[in-house]
Each structure stands twice: as structure tokens, then as C-alpha cells.
Ligand SMILES: CSC[C@H]1O[C@@H](n2cnc3c(O)ncnc32)[C@H](O)[C@@H]1O
Ligand SMILES: [Zn+2]
């Protein structure tokens with residue numbers, strides 16, 4: 001059905017290209033997009049849009065306009081540990097460095113300041129939705145509201161105590177309160193965040209399965225991050241983690257499986273048949289030498305693959321455009337096929353596939369009339385992007401994140417000509433420096 005013709009809008013953006021992602025990623029040249037009441041109200045050729053009266057009009061002659069990016073996995077507050085424990089393998093990194101540091105430093109203030117630093121970095125580089133898994137999610141929620149960004153907050157569950165709680169009972173009680181508090185929120189969704197198969201036992205997993213089904217809530221979990229994780233599980237239980245979670249009923253269309261490097265064909269079939277989503281974090285997997293995710297095989301098996309940065313302590317940035325480029329390049333090498341993970345698929349992974357994974361594709365992930373106006377504009381006029389045969393290629397394969405100039409979330413402008421409108425960069429940097437001094441004992 002053709003979209004209704006409108007004659008007025010709150011914001012009208014004329015762009016050199018619009019890349020809608022759905023129904024396809026093919027760029028629409030010299031188009032306009034209208035925003036009314038926080039939603040996309042029209043997408044039409046620029047010549048036809050001249051008749052629309054708008055409160056604000058923007059002429060973006062050299063820009064590509066596309067859906068805001070969706071960072072489907074991270075630990076926002078870990079920005080305050082960026083560069084603190086580099087060049088270590090996952091288990092040494094976690095057991096000997098990160099978990100002791102978290103035990104010493106993480107509290108609600110740490111999470112508030114670290115999350116604000118992360119959100120500022122993500123907004124500046126084109127992310128409009130992020131999925132987080134960290135302690136004190138209520139503190140992250142405060143900053144999410146302040147920034148006006150969209151988020152899924154997965155509350156953590158371990159079998160053991162941490163700064164946020166004493167064990168599974170306590171985590172579930174706090175998490176359910178958070179779910180209840182945000183059940184009508186437009187920007188925040190709450191998910192269950194069992195940390196990993198090796199930190200959460202069968203009892204807690206079973207309670208998560210029951211509660212998540214009752215509340216129709218998503219589950220996000222680190223899964224098959226390394227071959228060692230799989231080998232240890234087989235030694236201890238005789239089962240691969242994916243097989244164990246399938247038996248426990250934890251795998252389903254609301255389950256977001258993060259990492260998925262050590263997969264055999266049976267694992268892929270199990271994930272596909274349960275409708276699970278994969279969240280690929282290529283830079284964290286490379287930096288921690290965790291392994292290689294068979295993204296092309298998963299795609300061919302019909303698994304929805306989204307993309308995430310993971311935390312800044314294992315990446316070390318939150319640049320989803322950079323992650324997209326790494327995913328595309330690595331995906332080709334892993335598949336042994338240069339045609340695997342083409343530019344258009346890289347863009348889909350970071351937008352619509354992310355929205356599908358988080359269960360919000362009816363709201364965001366593509367530019368379509370009726371969807372929420374989560375939109376970014378990238379200036380392609382710089383030397384490094386010339387000449388432009390294909391804007392999709394330039395976005396996927398050139399270093400582009402610093403060229404994001406505008407960003408709207410639910411129609412609200414949160415990045416204006418490269419400047420954050422809701423957050424104060426200088427104050428955020430000053431607070432990060434205070435944490436560095438404290439943590440380094442200066
Ligand atoms: C449940 S709160 C998050 C918890 O996860 C830790 N973490 C960060 N990155 C990874 C990773 O790649 N694999 C496993 N666990 C990770 C983080 O430090 C928190 O303790
Ligand atoms: Zn992670």
C-alpha cells in the first residue's frame with residue numbers, strides 16, 4: 001500500500017542518499033525523509049517533498065541518511081577499564097584482571113560515569129540503540145534516560161555474589177523489579193542476563209527459563225566464546241554448552257547468544273531450529289584471541305546475526321561502523337570466500353538484524369513509514385570517501401564513524417552537527433580522568 005501523502009512535518013531532511021535497509025539497502029538518490037511525532041511519516045523523492053511544510057528543514061547535500069546503528073552487546077561502564085588490561089587471553093583477562101578490578105571498584109557511581117562515557121562515544125559514532133549487560137543496571141537506566149538513547153538492559157545473573165547482589169535469588173528479585181519499573185518505557189527494555197554457561201548452574205538457568213517465558217522477556221548470554229569453554233564443559237558435564245542450554249529450555253526466539261566462536265554443525269542446527277539470535281563481536285574475539293565465529297555458515301543456516309562491540313576493556317572502542325568493517329573483512333577470511341559478508345549484509349547486521357535480535361524490529365532497524373525516527377546522517381564529502389561509486393561500500397569499508405554528523409532518536413536530535421545535545425563531553429571526560437586517578441592510585 002502506498003504511504004499516505006502528508007503536507008506537514010516536524011522535521012524534513014533532504015539527503016543526497018537515503019539507505020532504508022528495508023525493503024532493501026539500495027540507496028535512494030536525492031530523497032527526503034519526514035519526521036512527525038517521533039515517527040517516520042514519509043520517504044519520498046526530494047522534488048515531491050517540496051510541498052511539505054516543516055517546522056525544521058535540513059539540507060544534507062553530501063550525506064547518507066540511514067537507520068541508527070544497534071550495538072547488540074556490550075558492557076557500557078567498562079569504558080572506565082579501557083586499556084587497563086590489554087593483550088591477555090579471555091580467561092586470564094577475566095579471572096586475573098577484570099573480575100578483581102570489578103570487585104574493587106564497581107558501584108553505582110562507577111556504572112553511572114562509565115555508562116555515560118560509553119553512551120557519549122556510541123552516540124557520536126552513530127549508535128542509537130545499545131544492549132548492555134552489567135552490574136547496577138538501574139544506574140545505567142538513569143543515564144540512558146538522561147541521554148535519550150534507546151537500550152536493552154540485561155540484568156546480570158551469576159551463581160556467586162558480586163557488588164550488585166548476593167546470588168541468583170537476589171539478582172532475580174532485583175531484575176524483576178527493574179522489569180516491572182520499565183514495562184511501559186518507550187526507550188528501555190529489560191532482559192535476563194545469565195552471564196555464561198560456566199558461571200550459572202542448572203537451577204538458576206531453569207528459573208530464568210520459567211520467568212522469562214512468563215514475562216515474555218528476552219535472554220542474553222555469552223555462549224561458546226572459546227573452544228576452552230566448550231572443552232571444559234564437555235569434561236565436566238559430558239555436554240556441549242549449547243546442547244545443555246537446549247535441554248534446559250533456554251534456547252528460543254527470544255534468546256540472544258553472544259560470541260558463538262566454537263561451533264560444530266550440530267550446534268548451528270540447534271541454534272537455527274530454536275530460532276536463536278547470534279550476536280557477533282569480532283573485535284573482542286580477535287583481541288582476546290577467543291576464536292572465529294562462522295558467521296557465513298550461520299547466515300546460510302537461517303540464523304539472524306547481529307553485531308556488538310562487547311565492552312571497551314576488550315575492544316577497545318565502541319565504534320559500530322568499525323565493527324561492521326572488521327566483521328565483513330574477517331567473515332570473508334573465515335569463510336574462505338571474498339563474496340561472503342558483502343557491504344549490504346554488514347549494514348543489515350548493524351541495523352535491522354540488531355533490531356530483530358532485541359525484538360524491536362517493529363519499531364526500529366530500518367527507515368520505513370510508521371517506524372520510530374531513529375535516524376543518522378553521515379557526511380560523505382571527505383577526501384577519504386572519494387570517489388563515491390556506492391555509498392553503501394563507503395560506509396561499510398572506509399573509516400567513517402567520525403563523519404556521523406546528526407542523529408535523532410524517536411525524532412529528538414541527540415547529535416547536532418557532530419555535537420552531543422543531551423550530554424556534556426567535557427564533564428564526562430573530567431569524571432573519567434578522576435576514575436583513572438583513583439584506580440591507578442594517584
Ligand atoms: C554479567 S555482568 C557482565 C560481566 O561480564 C564480564 N565480561 C565482559 N566481557 C566478557 C566476555 O567477553 N566474556 C565473558 N564475560 C565478560 C564483565 O567483566 C562482567 O563481569
Ligand atoms: Zn560481553
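FYI, it's all coordinate maths here, none of it is from the lab. All of these numbers come straight from a predicted model, not from anything done at the bench. Neighbour counts run over all protein chains shown; Cβ positions are idealised from the backbone, glycine included.
Here are the numbers:
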| quantity | calculated |
| --- | --- |
| Along each principal axis, Cα extent of the stretch 189-258, largest first, Å | 34, 20, 18 |
| Pairwise FRET efficiency - residue 108 versus residue 381, Cβ, R0 = 35 Å, nearest 0.05 | 0.20 |
| Efficiency of FRET from Cβ geometry, residue 91 and residue 399, R₀ 25 Å, rounded to 0.05 | 0.20 |
| Sequence-separation-based contact order of the stretch 1-145, relative, with Cα cut under 8 Å and 6+ spacing, percent | 24 |
| In degrees, nearest ten, helix 227-237 long axis to first principal axis of the chain (Cα) | 40 |
| Pair residue 59, residue 438: separation of 7 Å Cα→Cβ label points (nm) | 4.9 |
| Within a Gaussian network of the chain (alpha carbon springs, distance under 10 Å), most fluctuating of 226, 55, 261 | 55 |
| Prolate/oblate/rounded call for the stretch 131-244, Cα gyration tensor, a/c under 1.5 rounded | prolate |
| Principal-axis tilt of helix 202-215 within the chain, Cα atoms, nearest 10 degrees | 30 |
| Helix-only CD estimate at 222 nm, as mean residue ellipticity for the chain, using -39500 (n - 2.57) per DSSP H run (n ≥ 4) | -10500 deg cm²/dmol |
| For the chain: relative contact order, % (alpha-carbon pairs under 8 angstrom, 6 or more apart) | 20 |
| Cα-based shape type of the stretch 169-298, given that a ≥ b ≥ c are square roots of the gyration tensor eigenvalues and the cut on a/c is 1.5 | prolate |
| Segment residue 177-residue 215, extension gain: residue separation times 0.36 nm, minus the distance between their alpha carbons | 12.5 nm |
| Cα pair distances of the chain binned at 20 Å [whole percent] | 27, 58, 15, 0 |
| Rg/Rh for the stretch 249-296, where both radii come from Cα atoms and Rh is the Kirkwood radius | 0.99 |
| Cα-based helix-to-principal-axis angle, 320-335 vs the chain, degrees rounded to 10 | 70 |
